[in-house]
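The structure appears below as structure tokens.
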Amino acid sequence: MTIDSRVTASAVLGSSLILCSLIGGSTFIRSKSLQDRISVTGSAYKDVVSDTAKWRMQITTSTGMGDLAAGNAKVAADLKAVKKFLKEKEIEDAAITVAPVNVETRLDYNTGGTPVGYNLRQEVTVEGADVEKISSAAEAAGALLAQGAVVSTMNLEYFIGNLPALRIELMGAAMRDAQKRADAIVESVDASVGALREASMGVLQVTAQNSMDVSDYGAYDTSAINKRVTAVVRASFAVR
């Protein structure tokens, strides 16, 4: 995996504004008082592979008013089929969580809300570090329908477990990028970068690779196994 970086920058030097087009970005330089300063935005990204998968599915059935026991038995039979299927896919029992059966009374609003039956639902969650195995099992879940089990996937999500450490790594890379961009900008006007005056961290963007779906508040795409994590910093340096 490689780290790449990109940046747009704006800065202050003299009483007039100078517009520069440099390294794919627009730069404004201005001087204020006796303290010249350049403000830049640096970024860095890293392509990573998700290390945790979470697959949520739901078993459902409907019954008449006098068939609740039969409906419960159907849910139990479907759950047994699900567990058998997961065992065949080599999913460990420790990765499986089964929620209690939820029962809702079904009403007929055409007759004033008269009870006409029940809807039974039971959620099963598979979560673990074997991403490929869980993903493969979810893709093959149609086999359960062929067996008569009424099971539907609610969602299949992928996560990055080492995101806090990755954030620190990328913030350092983004700050180095900001330093390089500041150097490139001030060299074009025969100046040099001095000490760091101020720095702030932007939001982290976790997207599918080659995706442009970012957010001002940060993004975390859970639909893709292969992700891109992008960090942004804003920094101000003295100009000599």
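The values are calculated or read from the model by the stated rules, or taken from the named source; none is laboratory data. Since this is a predicted model, take the numbers as computed values, not measurements. Note that we place each Cβ from the backbone using ideal geometry, even for glycine, and neighbour counts take in every protein chain shown.
Just so you know, in region 191-207 the residues that are part of a loop (DSSP other than H, G, I, E, B) and under 30 Å from Y220 (Cα atoms) include one that is farthest from the chain's Cα centre (by Cα), and it is G202.
Residues that are over 30 Å from A81 (Cβ atoms), of a type outside the set (F, W, Y), free of Cβ contacts under 8 Å to residues at least 40 places away in the same chain and in contact with a helix residue (DSSP H, G or I) (Cβ under 8 Å, 6 or more places away or on another chain) occur at least once in region 183-203.
Against the numbered list (1) in a loop (DSSP other than H, G, I, E, B); (2) modelled with pLDDT of 95 or more, V214 comes up short only at (2). Note on region 153-195: residues that are surrounded by fewer than 15 Cβ atoms within 10 Å (Cβ to Cβ), over 22 Å from T52 (Cβ atoms) and of a type in the set (G, A, S) total 4. Residue count for region 84-103 satisfying the condition of being charged (D, E, K, R) and either surrounded by 15 or more Cβ atoms within 10 Å (Cβ to Cβ) or not assigned by TED's automatic domain parsing to the domain that holds V150 (or both): 1. Residues of region 177-190 include none that is in contact with a Lys or Arg (Cβ under 8 Å, 6 or more places away or on another chain), part of a loop (DSSP other than H, G, I, E, B) and among the small types (G, A, S). Identification of strands (runs of 3 or more DSSP E) wholly contained in region 31-150 with 3 or more residues that are among the aliphatic types (A, V, I, L, M) yields 37-49, 52-64, 114-128.
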